[in-house]
Amino acid sequence: MGVPDFPASEADAIKSSGFVDSLTGLGNRHRLREKFQKLAEERAEDPAPFTVALVNLDGFKPINDLFGQAAGDEILCQVAHRLKACMTGHATVTRHDGDEFALILPMIFESVSAERIGHLIKDVLSAPYDLGDRHVRLSASLGLAIHPFAGADFTGLLKSAETALYRSKRRGRGQVTVYSTEIAQEMRRSTQIEQALRNAIINDMVDVHFQPIVSLEDERVLGFEALARWIDPDMGFVSPAIFVPLAEEQGFIDMLSDTLLRKAAEAAVTWPRDLFLSFNLSSAQLTDMATSSRILSILANAGLPPSRLDLEITETAVIRSADMAGQIIADLRQAGVRISLDDFGTGQSSLGRLREFTFDKVKIDRAFVSALSTDKTTEHIIKAIITMCDSLNLDVVAEGIENAEEAERLAAMGCGMGQGYYFGKPIDAMATLRYLKRNYRETVYPGTSTRGFSSFIN
Ligand code: C2E
Ligand code: MG
Ligand code: MG
């Protein structure tokens, strides 16, 4: 793959000025700065905005590692070629470090067009790359910033484009973000949360609370779901829905999850023995073969039998790395741990997953329960889920039950278990013991002797 075609005079000019990237033949960062300055000066007289875009390839490093640097270089040249080919003559395309490219788009004046062109570039770069003996697919993330709103000088504008790109990268592959003050604020807040979370995890400031899961037939408590709780001295309560994914991204999830499971298991051994502990496993943990042995050793240290643990996983988690997830699930079930499918109905291809993996329990997402009173279709869907789970021999828990009417209707529909503010909000370990003192009624199984709650405390 050769150097993209430039008009001879332009190519000579960039080569002679040392502003050229020798691999792709595109201009480099100096070239971008020069182009920016020229355009900014022109636009000082005719104050029309223009746009800078940063393009970063997703998952490029593994390509280099897997197929060698020559293949990586070849792809970078093809990217350069595609970028040049899809831009009009007015645009400048440059290559920064590694797999990052930048564009100046003089005719893009506002965010709707910026977003549109961002998606176009993303699509152009997502077509397969021909490496002779194989085809490789890559996606690209983009961050765009509009001059002068997102930065009047080169450094400021590029920094805004980097912020936008950073957001795209964090949202997953193939995302396009146009910088705005709201986005800058969002990113500042997540950086603040990230730093505070790092400290909180290191200093063991993340706690675990427990929410009762009850039998809908007689409201007897059957177990508790452990929910992570973090109160930052400056930011106050931060939802686990925000900090758990952050911990995953930052590579802290194992450390966080181990600490939480240890705390939860240590609390659960003080409960009556017939109560189970339900614990949320994060999707990143299902891509790590060490997960099952770590969990089992934490249980052993705390003295909680694996048969008292239920692990809640989501569909997205099993989809991400199906083979490994399947193996981890099988190892844990072999040891006696039960597996629940959490937030059922909100993910993808739910029914297929039920067939592919072995679960013990399904948790119907709160979205269905809260729609129950207003939407007739929801009632049919819940009924269908319950019937299906019955025939597959799966337990069913309805999540997010907030009032007696919902509880009664779900019980009448044959749903075995329920969880929600109506039965109890998540509370800390001490309050859980007080809750049990008030609410626990032991199950007496014929032929077995179960101990009452009073013998488990003090
Ligand atoms: P989830 O596992 O589906 O947990 C249920 C969520 O619904 C909890 O939110 C709970 O407080 C909330 N909830 C329960 N009953 C009601 C109700 O009646 N009404 C309403 N409006 N909400 C109710 P929370 O604690 O904010 O947790 C959010 C999510 O964060 C959890 O969803 C779970 O996916 C994740 N998470 C929480 N703790 C952990 C943890 O220790 N590890 C991992 N990996 N994820 C966790
Ligand atoms: Mg859960
Ligand atoms: Mg849930």
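Bear in mind these aren't lab numbers, they're just calculated from the coordinates by the rules spelled out. For clarity, every value in this text was computed on a predicted model and none was experimentally measured. Using ideal geometry, Cβ is built from the backbone for each residue, glycine included, and neighbour counts are taken over all protein chains shown.
Note the full-extension length gain between Arg33 and Asn439 as 0.36 nm times their separation in residues minus their Cα-Cα distance, in nm to one decimal.
Full-extension gain reported as 139.3 nm.
For a quick check: with amide H placed at 1.01 Å from N, whose amide H comes under 5 Å from Ile339's, ignoring anything fewer than 5 positions away on the same chain?
Placed amide hydrogens put Leu311, Asp360, Lys361 under 5 Å from Ile339.
Counting only DSSP beta bridges with both residues in the chain, tell me the antiparallel percent, nearest 5.
In the chain, approximately 60 percent of DSSP beta bridges are antiparallel ones.
Got the relative contact order for the range 192-456 handy, in percent, Cα pairs under 8 Å and 6 or more residues apart?
After rounding, I find 20 percent.
What ranking do Ser190, Ser215 get, fewest neighbouring Cβ atoms within 10 angstrom at the top?
The fewest-first ordering by Cβ neighbours comes to Ser215, Ser190.
Output the antiparallel fraction of DSSP beta bridges having both residues in the range 11-179, as a percent to the nearest 5. It would help to have the intermediate numbers written out before the result.
Values: 22 of 26 bridges.
Counting only bridges with both partners in the range 11-179, antiparallel ones make up about 85 percent.
What is the chain by shape, rounded, prolate or oblate, if you read a ≥ b ≥ c off the alpha carbon gyration tensor as root eigenvalues and call it rounded for a/c under 1.5, prolate for a/b larger than b/c, and oblate otherwise?
Numbers: a/c = 2.53, a/b = 2.35, b/c = 1.07.
Prolate.
Take Leu261, Leu138 and order them by how many other Cβ atoms sit within 10 Å, fewest up front. Write down the numbers at each step before the final one.
On the way: Leu261 25, Leu138 20.
Fewest to most other Cβ atoms nearby, the residues stand as Leu138, Leu261.
Using a Förster radius of 56 Å, what is the FRET efficiency between Asp390 and Glu45 based on their Cβ-Cβ separation? Nearest 0.05, please.
0.15
Please give the calculated 222 nm ellipticity per residue for the chain, where each DSSP H segment of at least 4 residues contributes -39500 (n - 2.57) and the sum is spread over every residue; nearest 500 deg cm²/dmol?
On the way: 17 runs with 213 residues, N = 458.
Result for the chain, helices only: -14500 deg cm²/dmol.
Determine the relative contact order of the range 163-320: mean sequence separation of Cα pairs under 8 Å and six or more apart, normalised by residue count, in whole percent.
For the range 163-320, the relative contact order is 18 percent.
Excluding same-chain residues fewer than 8 positions from Lys437, which lysines have a Cα within less than 18 Å of its Cα?
Lys425
For a label point 7 angstrom out from the Cα of Asp97 toward its Cβ, which stretches of the range 41-59 have the backbone nitrogen within less than 18 Å?
54-59
Which one of Leu32, Leu66, Phe19 has its Cα pushed farthest toward the positive end of the charge dipole of the range 11-179, where Lys and Arg give +1 and Asp and Glu give -1 at the Cβ?
Toward the positive end, the furthest listed residue is Leu66.
Using a Förster distance of 56 Å, how high is the FRET efficiency between Ala412 and Asp65, based on the Cβ-Cβ distance and rounded to 0.05?
Computed FRET efficiency for Ala412 and Asp65: 0.45.
Name the residues whose placed amide hydrogens come within less than 5 Å of the amide hydrogen of Asp232, ignoring near sequence neighbours (fewer than 5 apart) on the same chain.
HN-HN under 5 Å from Asp232: Phe237, Val238.
For the chain, what is the relative contact order in percent, using Cα pairs closer than 8 Å and at least 6 residues apart in sequence?
So the answer I get is 11 percent.
How do Asp390, Asp234, Asp65 rank when sorted from fewest to most other Cβ atoms within 10 Å of their own Cβ?
Asp234, Asp65, Asp390
Below 15 angstrom from the Cβ of Glu110, what's the summed charge of the other residues (Lys, Arg +1; Asp, Glu -1)?
On the way: positive: Arg43, Arg116; negative: Glu115.
Result for the local shell: +1.
Once amide H atoms are placed 1.01 Å from N in the peptide plane, what residues at a sequence separation of 5 or more from Asp58, or on another chain, have their amide H within under 5 Å of its amide H?
It is Ser139, Ala140, Ser141, by chain and number.
Taking the Cα-to-Cβ direction at Asp123 and at Asn403 and moving 7 Å from each Cα, how far apart do the two end points lie in nm?
Between Asp123 and Asn403, the simple spin-label model gives 4.7 nm.
Please say if the range 192-456 is rounded, prolate or oblate, where rounded means a/c under 1.5 for a ≥ b ≥ c the square roots of the C-alpha gyration tensor eigenvalues, and otherwise the choice is prolate for a/b larger than b/c and oblate otherwise?
rounded
Which value, in debye to the nearest 20, gives the size of the charge dipole of the range 11-179 about its Cα centre, when Lys and Arg are +1 and Asp and Glu are -1 at the Cβ?
380 debye
What does the charge count near Phe67 come to, summing +1 for each Lys or Arg and -1 for each Asp or Glu among other residues with Cβ under 11 Å from its Cβ?
It works out to a net charge of -3.
Using a ≥ b ≥ c from the Cα gyration tensor of the range 113-199 (square roots of the eigenvalues), is it rounded, prolate or oblate, where a/c under 1.5 gives rounded and otherwise the larger of a/b and b/c decides, a/b for prolate?
Oblate shape, in that a/c is at least 1.5 and b/c is the bigger or equal ratio.
Let's see if you can work this out: charge +1 on each Lys and Arg Cβ, -1 on each Asp and Glu Cβ, no other charges. What is the dipole magnitude of the chain about its Cα centre, in debye to the nearest 20? If you can, show how the numbers build up before the last one.
Numbers: 48 positive and 62 negative charges, 108 e Å.
It comes to approximately 520 debye.
With just the Cα atoms defining each centre, how far is the range 48-64 from the range 262-284? Give it in Å.
44 Å
Going down the list Lys35/Lys122; Lys35/Lys159; Lys169/Lys363; Lys61/Lys84; Lys263/Lys361, which pairs span over 28 Å between their C-alpha atoms?
On the way: Lys35/Lys122 23 Å; Lys35/Lys159 17 Å; Lys169/Lys363 31 Å; Lys61/Lys84 23 Å; Lys263/Lys361 23 Å.
Long pairs (Cα-Cα over 28 Å): Lys169/Lys363.
If packing is taken as the average number of other Cβ atoms within 10 Å across a peptide's residues, how do 197-203, 119-125, 372-378 rank, most packed first?
119-125, 197-203, 372-378
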